[in-house]
Amino acid sequence: MSENKKIEKITGVKGMNDILPDDAPLWELFENTVQSVLKSYGFQQIRTPIVESTHLFARGLGEVTDIVEKEMYSFEDALNGDKLTLRPENTAGIVRAAVEHNLTYEGPKRVWYTGPMFRHEKPQRGRYRQFHQVGAEALGFSGPDIDAELIVMCQRLWDDLGLQNIRLELNSIGDAPERNQHRADLIAYFESHKELLDAEASRRLYSNPLRILDTKNPAMQAMVNSAPKLFDYLGEESKAHFEGIQKILRDNSIPFTINTRLVRGMDYYNRTVFEWVTDELGSQGTVCGGGRYDTLFSIFGGKATPACGFAMGVERLLELMKASGEAHNPAQCDVYLVHQGEQGRAQSFVLGERLRDAGLDVVLHCASAAGAGSFKSQMKKADASGAAYAAIIGDDEANGDTVTIKSMRDLDINNNQVNVPFSSAVDYLVDQMTGASETDACCDDPNHIHIHH
Ligand code: ATP
Ligand code: MG
């Protein structure tokens, strides 16, 4: 190989991020909190494939939606020509699986999922091409109590994550007959203002007129603001359902505002739609969106089954957690093993296994490209690891079959360190880590190490 031929580095795909070890504690905190909140409401985890048939999304989300029109990563299976798509969202996949496995056969089911989603968008703050969602789907429930439960559950999650300033926007977009009547009137209204429609709106006039209401074009705002409002078309049942949700939210002190312009991007929604929004993330301020989708099971060929769910954007929520000072840096381990010499290294390895048997988290210092490391540099690593103790086996300890245990935090005890027999090191460290006192409750235990001050 030529000396000066520079090998080009291969970089990650644009808009698809590496989540590096320094960020892992925050992800874990988020995931653990999510898991415990969802469990406390009886939701069970479901894991569906990242790749689904392209047809699933086209049929489920609607052909004339942002996602299906321009955001999907679709490809043909090179071996058999199947049309496949990296999932841009997961409600379609969950309902596909629920129909396929008859999940609601024995009654309604609460499920949740977490994982990566893929959308070909322009990467920017809070908007990526691979991003992560946590979602919950309540399958088979028809009453307003489940819509409200999903919302209250989100509020509990924000509270447990220490997040404030996320507000709830709520709307009802009615059922199909109400939507159809509104749609006809809306098209007529837009037709009578044809000269004001921009190219995108004209294109959507007959395919998805509701989406025109979402326009960001300032020239269309006034016209759009006086368009017929779907809200005014709701029938008695839709209204009662919507009022039922509001009552439960009030009973449980969850503030909300009704935003009659909230329609959400997917075709499958009916009645309830909601979004959790913050002002702290710039223009990507929606951290969670959801709603009811009573017709999706039928659309996928299943038995008509009412359902309701939400999906939240994990990256956006983590950014909020960072901003609220939720970032934390737990210790990498309880004990860091420091050693010198051949024998010391061998004994440290064995000690590490025994400590892990006893349930402790242990990092063994291992040789790197820089070599085995001086005692001093190993102690620096021990310090940086956040370990409570360093267990040191140098030549003296190896020859005497002992271990020197140095407290990395408590500066009072005996110059921070004690020397204990190798056979007692595990018990000693376990006692220390579980907070047992050094002097009492041990005197009739012959294995216990006594610390001499
Ligand atoms: P937006 O209006 O921001 O494009 P959306 O309506 O397309 O959002 P949903 O399909 O409702 O988003 O997805 C639920 C949540 O997933 C969003 O509220 C957001 O927090 C998150 N999300 C959606 N798209 C992305 C993305 N490209 N990158 C990061 N997070 C995203
Ligand atoms: Mg979007």
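The values are calculated or read from the model by the stated rules, or taken from the named source; none is laboratory data. Just so it is clear, the structure is predicted and the values come from calculations on it, not from any experiment. In this analysis, Cβ positions are derived from the backbone assuming ideal geometry, glycine residues included, and neighbour counts consider all displayed protein chains. Heads up: the accessible areas ignore ligands, DNA and RNA and are worked out on the full protein's heavy atoms, side chains in. Shrake-Rupley method; radii C 1.70, N 1.55, O 1.52, S 1.80 Å.
For Lys376, list the aspartates and glutamates whose Cα falls under 12 Å from its own Cα; do not include residues on the same chain fewer than 8 positions away.
Within reach: none.
Please list log₁₀ I(q)/I(0) at q = 0.13 Å⁻¹ for the stretch 35-151, using the Debye equation with identical point scatterers on the alpha-carbon positions.
-0.59
Once the Cα gyration tensor of the stretch 319-359 is diagonalised, what are the square roots of 5 times its eigenvalues, in whole Å and ordered largest first, as equivalent ellipsoid semi-axes?
After scaling each eigenvalue by five and taking roots: 36, 12, 5 Å.
Please list, ordered by chain and number, the residues whose modelled amide H lies under 5 Å from the amide H of Asn17; skip anything fewer than 5 residues away on the same chain.
Gln130
Which value in nm describes the separation of the simple spin-label points at Arg203 and Lys376, placed 7 Å from the Cα toward the beta carbon?
6.7 nm
Just tell me which lysines come within less than 19 Å, Cα to Cα, of Lys381; anything on the same chain fewer than 8 places away is out.
Output for Lys381: Lys406.
In the structure displayed, which of Lys9/Lys122; Lys83/Lys194; Lys14/Lys322 lie more than 29 Å apart, Cα to Cα?
From Lys9/Lys122; Lys83/Lys194; Lys14/Lys322, over 29 Å: Lys83/Lys194.
Can you compute 3J(HN,Hα) from phi for each residue in the stretch 142-152, using the Karplus curve 6.51 cos²θ - 1.76 cosθ + 1.60 with θ = phi - 60°, rounded to whole Hz and x for Gly and Pro?
10, x, x, 5, 6, 4, 5, 4, 4, 5, 5
Near Lys239, which lysines are there with a Cα under 19 Å away, not counting those fewer than 8 places off in the same chain?
Lys229, Lys247
Keeping all protein chains in position, work out how much accessible area Ser36 exposes to a 1.4 Å probe, and write it in Å² to the nearest 10.
Accessible surface of Ser36 is approximately 70 Å².
So how compact is the chain: Cα radius of gyration and Dmax in angstrom?
29.5, 95
Nearest 10 degrees, 0 to 90: what angle lies between the long axis of helix 341-357 and the longest principal axis of the chain (Cα atoms)?
Tilt relative to the chain: about 50 degrees.
Jot down the radius of gyration and Dmax of the stretch 118-200, Cα atoms only, both in angstrom.
19.0, 51
Quick one: which of 374-385, 170-181, 17-28, 309-320 comes out on top by average Cβ neighbours within 10 Å, and what's the full order, highest first?
The peptides rank, most packed first, as 309-320, 170-181, 374-385, 17-28.
Pairs of alpha-carbon atoms within less than 8 angstrom and 6+ residues apart define the contacts here; what relative contact order does the chain have, in percent?
14 percent
Can you tell me the alpha carbon radius of gyration of the stretch 335-436 divided by the globular rule-of-thumb value 2.2 N^0.38 Å?
0.98
Suppose each label sits 7 Å from its Cα in the direction of the beta carbon; what would the Lys5-Lys83 distance come out to in nanometres?
Rounded to a tenth, the inter-label distance reads 4.4 nm.
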